[in-house]
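So the structure is just underneath, and the comments pick up after that.
The values are calculated or read from the model by the stated rules, or taken from the named source; none is laboratory data. Just so we're clear, the structure is a prediction, and the values are computed from it rather than from any experiment. Positions of Cβ are backbone-derived with ideal geometry, glycine not excepted, and every protein chain shown enters the neighbour counts.
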Amino acid sequence: MPIEVDGKTLETDEEGYLVNLNDWVPGVAEVMAKEDDLELTQDHWDIINFLREYYEEYQIAPAVRVLTKAVGKRLGKEKGNSKYLYGLFPYGPGKQACRYAGLPKPTGCV
Amino acid sequence: MSDTKNFMFLNRRAPYGTIYAWESLEVVLIAAAFEQNVSLMFADDGVYELTKNQDTAGIGMKNFSPTYRTLGDYEVRHMYVDKASLEARGLTADDLVQVEWEDWETEESVDNIVEVVDSERVAELLDESDVVFSF
């Protein structure tokens, strides 16, 4: 189902992930979050921005375990656990945050 | 954990042209989630998978070589490269990517887990593995 962002129509796959990674703009996350009834805070953006940087460097979306550890290291130990991440992204940090960040679904994530 | 096994992923094909290299990498990424001891071995044309500065623009394929550099984050502790295969292709360790490993709790770290080994050691390592996946 395509989504409307800043007056543009962007293609998504059957699970709602962007088809073209290059289509991403911050508005994509805003629109997707609104559909999920979620208000994005700076804490959400820290994760989304981290995911985009990670993808830029390694060309994959990180597994949740890798994400959890990296967040703990970068943003503070109290944030490096799945409870914190699920609190921000109730549908799963891997799936939901990657979708907002315009990345493909993490490998091994069903 | 008592049922941890030593998994060895043996990579022997060039990175592009067939799907084997990418498939192997995907299985490695998944295997790491099951807390097993995962090692990789690169031999024959498989050594090309680790070369630096790959450019796939001309063949319309995604360049997945940067992904190897995150394998340390996936708890992969060893990436071995067969010395004879490397030399036969005019390559040295300097032509290969470096992969860091760090234990995020203890901050113990290894600058580069990529290690060039001779044929005898290759045979030993394969022999010591509980499971060998050949790609």
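Being within 14 Å of chain B (Cβ to nearest Cβ) and in a helix (DSSP H, G or I) is the filter; apply it to the range A:79-92 and report the residue that is nearest to residue B:33 (Cα to Cα). For the range A:79-92, the residue satisfying everything is A:82. What residue, among those in the range B:20-46 that are more than 14 Å from chain A (Cβ to nearest Cβ) and hydrophobic (A, V, I, L, M, F, W, C), is nearest to residue A:64 (Cα to Cα)? This residue is B:40.
Within the range A:59-69, the set of residues being within 26 Å of residue A:31 (Cβ to Cβ) and in a helix (DSSP H, G or I) comprises A:64, A:67.
Among the criteria (1) in contact (Cβ under 8 Å) with a residue 24 or more places away in the chain; (2) under 13 Å from the mean Cα position of the chain (by Cα); (3) more than 13 Å from every other protein chain (Cβ to nearest Cβ), the one residue A:55 does not fulfil is (3). Of the strands (runs of 3 or more DSSP E) lying entirely inside the range B:19-135, those containing at least 1 residues that are within 20 Å of residue A:62 (Cβ to Cβ) span B:37-42, B:78-82. Taking the range B:74-90 as the range and being within 12 Å of chain A (Cβ to nearest Cβ) and either at pLDDT 95 or above or touching an Asp or Glu at 6+ places or on another chain (Cβ under 8 Å) (or both) as the test, only B:75 passes.
Residues checked against (1) surrounded by 16 or more Cβ atoms within 10 Å (Cβ to Cβ); (2) in contact with a Gly (Cβ under 9 Å, 6 or more places away or on another chain):
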{"residue": "A:3", "(1), (2)": "yes, yes"}
{"residue": "A:19", "(1), (2)": "no, no"}
{"residue": "A:24", "(1), (2)": "yes, yes"}
{"residue": "A:32", "(1), (2)": "yes, yes"}
{"residue": "A:37", "(1), (2)": "no, no"}
{"residue": "A:40", "(1), (2)": "yes, no"}
{"residue": "A:60", "(1), (2)": "yes, no"}
{"residue": "A:63", "(1), (2)": "yes, yes"}
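So is residue B:107 on the phi > 0 side of the Ramachandran plot and within 11 Å of chain A (Cβ to nearest Cβ) or not? In short, yes. For the range B:82-96, the candidate set comprises residues that are buried (at least 18 other Cβ atoms within 10 Å of the Cβ) and touching a helix residue (DSSP H, G or I) at 6+ places or on another chain (Cβ under 6 Å); within that set, the residue that is farthest from residue A:77 (Cα to Cα) is B:85.
Pairs meeting the criteria (first residue in the range A:13-37 and at positive phi, second residue outside any helix (DSSP H, G or I), beta carbons under 9 Å, at least 6 apart or on different chains) are A:16/A:1; A:16/A:3.
A single member of A:71, A:25 is at pLDDT 90 or above and away from chain B (no Cβ under 13 Å), and it is A:25.
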